[in-house]
Amino acid sequence: MMNRIKKLVNMAIALGASEAEVYGSVGRNVTVETQHGDIGFAEESMSEGLGIRVIADGAIGYSSSNDPAKYEEAVRAAIACARSRGKDPNLKGLPHPRPYRNVYGIYDREVDEIKLDRCMDIAAGMVEEAKKDRAASVTFGKFSSIVSETMIVNSNGVEVEDKETMVYGYIDVIIKEGDNVSTAFEYDVSRALNLDFSTIGSKASGLARRSLNAEPVESHVTDVLLGPYAFADIIESTLLFSVNSESVQKGRSGLAEKIGQKIAAEGLTIIDDGLLESGLGSSRSDDEGTPSQETVIVNDGILESFLYDNYTAGKENRESTGNGIRNSYTMTPKVGPRNIRFEYPRCDVINETDKGIYVNSIIGAHTANPITGDFSVECRNAFTVEGGALGRPIKSMMISGNIFDLLSRVDGMSREEKVIGAIISPTVKIKGMRITPGA
């Protein structure tokens, strides 16, 4: 496929493009879904496709295809698309070659060779563990194994290839005992088959069990411990939008004029790390061939950098931070995070909290105002914290606030972390948040 990609790049230049890029993707996906505790869907699929991006007459054109017989047609379509558009004065061209660093832990041969029947066994094992609590019903479960190989070649000399693997499992359960009903979910993901996926089921049913007989809560201000799911959801819906250079350049970020200013608690550093070992967003390059790197977004509470792809970096005559991301070969690159990680003194935040509230997950983070950073969310599987331990389950509760105020109130982070999409999230203690009863 690499030879075919190089020929298509040369073809685009021969047809009049000033610059050309081909992004190729080959993948294998095994997916097993359970419904009401039984295997309901199992599929193994293969995919292959190319995305062709060209610059012609000062504009970008793009086309894609999953049919090898139509790849040359896609090149012509991309050039026609560019020529139908007006010249873009902000367009500085496609990436140029730069040295690539090695990245480790993103490929596992065992995942590459896994068979459908083993995936079904793993999914069934998650369900079996969840149903050891006889009152638990598994409403939905999923296990997936993904192998993908990407190739990027452009006419400026960029040529990079990566092969990656990923497995993940998810279980959603409900427990009913008389009039008491509770639900919970659990999820885990890895680059390798190094997880005990059966524990996903036991953790989900255990959390649902612990959430039974929940009690109402009154409005008050208290310390709040945001579990990995809750903290990651808030960060994704607010901060990551604000540090996206496209948002900044379009005047949609509350951080637009705050480089060099304090926006978070002293001692808190936030890094986007495209080279993190075994990171879900790690690879030798981003999705347009810019070498991956470590970008410090917040350093000791001070805003230090935004995230850039090649286009937004060109608008400011600076280098891309390696954050050009595409969800598939059918899409052009957009600014996105790689692996967001946090540096802050670590401790056992629950054990060191005398009184507060623990929130496992939230609903409604997508309704946050990404420009101002304001949010108001419903809490799911929340508990009181009393004397350094989880106490009574809370029936229904809301928390609201502002992400920048929240970051300034960080007062502790757990040693344990969980990968939630592009975010490596600990449990985070926030001083003095207002909580209110839910609807």
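Any residue that is touching a Ser or Thr at 6+ places or on another chain (Cβ under 7 Å), among the hydrophobic types (A, V, I, L, M, F, W, C), within 14 Å of residue 306 (Cα to Cα) and open to solvent by less than 20 Å² (accessible area, probe 1.4 Å) - is there at least one of those in the stretch 217-239? Scanning the stretch 217-239, I find no residue that is touching a Ser or Thr at 6+ places or on another chain (Cβ under 7 Å), among the hydrophobic types (A, V, I, L, M, F, W, C), within 14 Å of residue 306 (Cα to Cα) and open to solvent by less than 20 Å² (accessible area, probe 1.4 Å), so the answer is no.
Within the stretch 315-332, the residues that satisfy the criterion of being open to solvent by 10 Å² or more (accessible area, probe 1.4 Å), outside any strand (DSSP E or B) and under 19 Å from residue 21 (Cα atoms) are 319, 326, 327, 328, 329, 330, 331, 332. Scanning the stretch 32-53 for residues that are polar (S, T, N, Q) and either open to solvent by 20 Å² or more (accessible area, probe 1.4 Å) or over 26 Å from the mean Cα position of the chain (by Cα) (or both) returns 35, 45, 47. Criterion applied to 350, 325, 302, 271 was being within 17 Å of residue 227 (Cα to Cα), out of contact with any Pro (no Cβ under 6 Å at 6 or more places or on another chain) and at pLDDT 95 or above, and the one residue passing it is 350. Figure legend. Inter-residue proximity from the stretch 168-192: first residues in contact (Cβ under 8 Å) with a residue 40 or more places away in the chain, second residues small (Gly, Ala, Ser) and open to solvent by 40 Å² or more (accessible area, probe 1.4 Å), beta-carbon distance below 8 Å, spacing 6+ or different chains. Indicated pairs: 173/137; 175/137; 176/137; 190/278; 191/278; 192/278. When the stretch 1-13 is filtered for residues that are under 15 Å from residue 158 (Cα atoms), of a type outside the set (Val, Ile, Thr) and open to solvent by less than 40 Å² (accessible area, probe 1.4 Å), the ones remaining, listed by number, are 2, 8.
Can you find a residue in the stretch 47-57 that is within 26 Å of residue 170 (Cα to Cα) and of a type in the set (Gly, Ala, Ser)?
Checked against the condition, which is being within 26 Å of residue 170 (Cα to Cα) and of a type in the set (Gly, Ala, Ser), the stretch 47-57 yields at least one hit.
Among residues of the stretch 45-72 that are farther than 29 Å from residue 145 by Cα and among the aromatic types (Phe, Trp, Tyr), those with a Cβ under 6 angstrom from a residue that is part of a strand (DSSP E or B) and open to solvent by less than 60 Å² (accessible area, probe 1.4 Å), sequence gap 6+ or separate chain, pair up as 62/53. Pairing residues of the stretch 98-118 that are free of Cβ contacts under 8 Å to residues at least 12 places away in the same chain with residues that are in a helix (DSSP H, G or I), at Cβ distances under 7 Å and at least 6 apart in sequence or on separate chains, gives no pairs at all. When residue 199 is tested against the conditions (1) crowded, with 18+ Cβ neighbours inside 10 Å; (2) part of a helix (DSSP H, G or I), the lone failure is (1).
Here's a check for you: in the stretch 389-408, which residue that is in contact (Cβ under 8 Å) with a residue 40 or more places away in the chain and over 30 Å from residue 325 (Cβ atoms) is most open to solvent (accessible area, probe 1.4 Å)? This residue is 395.
Filtering the stretch 66-96 to residues that are touching a strand residue (DSSP E or B) at 6+ places or on another chain (Cβ under 6 Å), under 19 Å from residue 7 (Cβ atoms) and either open to solvent by 50 Å² or more (accessible area, probe 1.4 Å) or in a strand (DSSP E or B) (or both) leaves only 66. Taken across the stretch 14-30, residues that are farther than 24 Å from residue 154 by Cα, among the hydrophobic types (A, V, I, L, M, F, W, C) and touching a Leu at 6+ places or on another chain (Cβ under 6 Å) do occur, with at least one present.
In the stretch 255-268, the condition of being modelled with pLDDT of 95 or more, under 15 Å from the mean Cα position of the chain (by Cα) and open to solvent by 30 Å² or more (accessible area, probe 1.4 Å) is met by no residue.
Residue count for the stretch 391-407, restricted to those that are over 18 Å from residue 356 (Cα atoms) and either touching a Cys at 6+ places or on another chain (Cβ under 7 Å) or of a type in the set (S, T, N, Q) (or both): 1.
The set of residues from the stretch 249-272 being outside any loop (DSSP other than H, G, I, E, B) and under 25 Å from residue 400 (Cβ atoms) comprises 262, 270. Filtering the stretch 370-398 to residues that are closer than 15 Å to residue 435 by Cα and of a type in the set (Ser, Thr, Tyr) leaves 376, 384, 396. Of the residues making up the stretch 348-373, those that are surrounded by fewer than 17 Cβ atoms within 10 Å (Cβ to Cβ) and not in a loop (DSSP other than H, G, I, E, B) number 4. Residues in the stretch 156-186 that are open to solvent by 50 Å² or more (accessible area, probe 1.4 Å) and aromatic (Phe, Trp, Tyr): 170 alone.
If you filter the stretch 124-144 down to residues that are in a helix (DSSP H, G or I) and open to solvent by less than 10 Å² (accessible area, probe 1.4 Å), you find that the one that is nearest to residue 202 (Cα to Cα) is 130.
The values are calculated or read from the model by the stated rules, or taken from the named source; none is laboratory data. Being a predicted model, the structure only gives us computed values, none of them experimental. So basically every Cβ, Gly included, is an ideal-geometry build from the backbone, and we count neighbours across all protein chains shown. The protein model used for the area step is the full one, side chains on, heavy atoms only, and it has no ligands, DNA or RNA in it. Shrake-Rupley method; radii C 1.70, N 1.55, O 1.52, S 1.80 Å.
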